[in-house]
Amino acid sequence: MKHILAIDIGGNTVKVLVSGEQEPRSFPSGPTLTARQMADGVRKLTEDWKYDAVSIGYPGRVRDNKIIAEPVNLGSGWVNFDFQKAFGVPVRILNDAAMQALGSYKGGKMLFLGLGTGLGTALIVDGALLPMELGHMPYKTGTYESLLGLKGLTRLGIKKWRDVVFEVVALFINIFELDEVVIGGGNINKLDRIPPGSRAGDNALAFTGGFLLWEDERTKGSRRSHASR
């Protein structure tokens, strides 16, 4: 049985879990974290874990299993970094929102919204994973990310921010004719209730998505696409 190490890279924390284990491990990330520092930190944190492959949920644009743009909320050195050489095993990379969407999917047409430092988005339609860039699309006086991300929460205040979350969820349900919206990310706990037509995601399902990357054929198309956060 292949053991998979799933790595979920966030703006504040890097979380890891290997298949077969129950308790994730983590260490701080932040605006200066480089790709090399991430890889070194993960290797040190998982010295006692055995794994045959690695899945990485990256908070930025990914195409053809490669990072194509530096992250907004981390340090530099991610584009062209050789993760397979760093870990010594095969590596698959997916946008972090898409990885959690994959782990959260139950069927039909589902949109995942990750409320974190930025805004992660991914759509799954009848099992096909479609990473998206909705966060950078214009909305009102800014973008969806500038309003729903951490900067928007700080600027608007929690009450107005919650109102915008409800507005955007209702808008996306109508635009995409969705069966449901799954809301995840570190700031989901800032909501006092969940918008109609949506359910709360479990951030631990990012690991499930990482494990599925090595056994689920529906992710092949996603590795030819890209997403951003």
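The values are calculated or read from the model by the stated rules, or taken from the named source; none is laboratory data. Small disclaimer: the values here were computed from a predicted structure and weren't measured. Here the Cβ positions follow ideal geometry from the backbone for every residue, glycine too, while neighbour counts run over all protein chains shown. These accessible areas exclude ligands, DNA and RNA; they are computed on the full protein's heavy atoms, side chains included. Shrake-Rupley method; radii C 1.70, N 1.55, O 1.52, S 1.80 Å.
Residue check: Asp48 meets all listed conditions (1) among the charged types (D, E, K, R); (2) at pLDDT below 95; (3) over 15 Å from the mean Cα position of the chain (by Cα) but one, namely (2). Here Val169 fits the description: buried (at least 17 other Cβ atoms within 10 Å of the Cβ) and in contact with a Pro (Cβ under 7 Å, 6 or more places away or on another chain). Exactly one residue among Ser55, Ser29 is polar (S, T, N, Q), in contact with a helix residue (DSSP H, G or I) (Cβ under 8 Å, 6 or more places away or on another chain) and more than 18 Å from Gly209 (Cβ to Cβ), and that residue is Ser29.
Within the stretch 1-20, residues that are more than 20 Å from Leu115 (Cα to Cα) have Cβ atoms under 6 Å from residues that are open to solvent by 20 Å² or more (accessible area, probe 1.4 Å) and among the aliphatic types (A, V, I, L, M) in no pair, counting only partners at least 6 apart in sequence or on another chain.
When every residue of the stretch 65-87 is checked against the conditions, none turns out to be of a type outside the set (Val, Ile, Thr), closer than 22 Å to Asp202 by Cβ and either at pLDDT 95 or above or more than 16 Å from the chain's Cα centre (by Cα) (or both). Looking only at the stretch 121-132, residues that are in contact with a Ser or Thr (Cβ under 9 Å, 6 or more places away or on another chain) and open to solvent by less than 70 Å² (accessible area, probe 1.4 Å) come to 7 in all. Being acidic (Asp, Glu) and not in a helix (DSSP H, G or I) is the filter; apply it to the stretch 1-40 and report the residue that is surrounded by the fewest Cβ atoms within 10 Å (Cβ to Cβ). Among those residues, the one meeting the criterion is Glu23. Taken over the stretch 57-77, the residue count meeting the criterion of being free of Cβ contacts under 8 Å to residues at least 60 places away in the same chain and assigned to a strand (DSSP E or B) is 3. Scanning the stretch 174-207 for residues that are open to solvent by 30 Å² or more (accessible area, probe 1.4 Å), in contact with a strand residue (DSSP E or B) (Cβ under 7 Å, 6 or more places away or on another chain) and among the polar types (S, T, N, Q) gives a single hit, Asn203.
Yes/no per residue for (1) in contact with a strand residue (DSSP E or B) (Cβ under 6 Å, 6 or more places away or on another chain); (2) free of Cβ contacts under 8 Å to residues at least 60 places away in the same chain; (3) surrounded by 24 or more Cβ atoms within 10 Å (Cβ to Cβ):
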{"site": "Arg92", "(1), (2), (3)": "yes, no, no"}
{"site": "Ala101", "(1), (2), (3)": "yes, no, yes"}
{"site": "Leu134", "(1), (2), (3)": "yes, yes, yes"}
{"site": "Gly142", "(1), (2), (3)": "no, yes, no"}
{"site": "Thr154", "(1), (2), (3)": "no, yes, no"}
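Arg43 meets the conditions (1) open to solvent by 10 Å² or more (accessible area, probe 1.4 Å); (2) without any contact (Cβ under 8 Å) to a residue 40 or more places away in the chain in every case but one. The failed one is (2).
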